[in-house]
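Here's the structure, in structure tokens; my notes come after.
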Amino acid sequence: GAGVSQSPSNKVTEKGKDVELRCDPISGHTALYWYRQSLGQGLEFLIYFQGNSAPDKSGLPSDRFSAERTGGSVSTLTIQRTQQEDSAVYLCASSYRDRPRGEQFFGPGTRLTVL
Amino acid sequence: GIQVEQSPPDLILQEGANSTLRCNFSDSVNNLQWFHQNPWGQLINLFYIPSGTKQNGRLSATTVATERYSLLYISSSQTTDSGVYFCAVNRNSGNTPLVFGKGTRLSVIA
């Protein structure tokens, strides 16, 4: 079946603008995760959604970052008033609660460049 | 939180050589995954291996959970094996975020 998809693949924006990044998880997967990969920080967790539970936002670096997941499927990560340090690749992953328990599958990422 | 250390950080191999990549983690884990990040940035699942040994073609992995380490073996390396290999773990059961190591950058030269 189809894997995790993300859009856009690349996004260039000016400092101070808002951006929205989209993730379509694997159909039927109950959990959805956002990670960020930057040169200095490696791969770091941002936020995750598990079913209908409240999201775990503990990895969000500032209140300029937010995410929502509509209908238990598609998710949008929003970054307000972008800063140059937000430049990174934003990766989305999804997983199913059962076999294999919690194995995560990643999308191709969105490369964000803030000028 | 749990710490994940990978070694070596960089590795250069001649095509056809074998290699072993190591992942140490600081606490017991429920999930351990190995990924290959190709030159286009895509993370490709290699193994889901919280314990035991698995093999897939030229690749195999072993996790010794009681000693808190995992090994990824690459045999008869090919240039297409180049990229960054990540180990990632989580402690809790079910679906929770992964903690990644910094990766091993592998370059296979012809």
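The values are calculated or read from the model by the stated rules, or taken from the named source; none is laboratory data. Bear in mind the structure is a predicted one, so any value in this text is a computation, not a measurement. Neighbour counts run over all protein chains shown; Cβ positions are idealised from the backbone, glycine included. Just the protein is used for accessible areas: all its heavy atoms, side chains included, with ligands, DNA and RNA removed. Shrake-Rupley method; radii C 1.70, N 1.55, O 1.52, S 1.80 Å.
Figures for the structure shown
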quantity: Extension gain (nm, one decimal) between B:Lys54 and B:Asp10, 0.36 nm per residue minus Cα-Cα; calculated: 13.4 nm
quantity: Longest segment of chain A lacking trypsin sites (Lys or Arg not before Pro) that sit in a DSSP loop with at most 16 other Cβ atoms within 10 Å; calculated: A:18-56
quantity: For chain A, alpha-carbon Rg relative to the globular expectation (2.2 N^0.38 Å, N residues); calculated: 1.02
quantity: Reciprocal of mean inverse Cα separation for the protein assembly as shown (Kirkwood radius, Å); calculated: 18.0 Å
quantity: Under-5 Å amide H pairs with B:Asn30, H placed in peptide plane, nonlocal only; calculated: B:Asn90, B:Arg91, B:Asn92
quantity: Spin-label pair B:Thr66/A:Gln83, simplified geometry with 7 Å Cα→Cβ offset, distance in nm; calculated: 4.8 nm
quantity: For B:25-37, mean number of other protein chain Cβ atoms within 10 Å; calculated: 2
quantity: Label point at B:Ile44 placed 7 Å out along Cα→Cβ; residues across region A:1-32 whose backbone nitrogen lies under 19 Å; calculated: A:1-6
quantity: Surface accessible to a 1.4 Å probe, A:Leu115 within the full protein complex, Å²; calculated: 110 Å²
quantity: Amide H partners (placed H, <5 Å) of B:Gln78, local residues excluded; calculated: B:Gly16
quantity: 3J(HN,Hα) from dihedral phi, region A:11-28, Karplus parametrisation 6.51/-1.76/1.60, rounded to Hz, x for glycine, proline; calculated: 9, 10, 9, 8, 3, x, 7, 8, 9, 10, 10, 10, 9, 10, x, 5, 4, x
quantity: In Hz, Karplus ³J(HN,Hα) per residue of region B:28-43 (6.51, -1.76, 1.60; θ = phi - 60°; x = Gly, Pro); calculated: 5, 10, 9, 9, 9, 10, 10, 10, 10, 9, 7, x, 8, x, 6, 8
quantity: Three-way shape label, region B:4-109, alpha-carbon gyration tensor, a/c 1.5; calculated: prolate
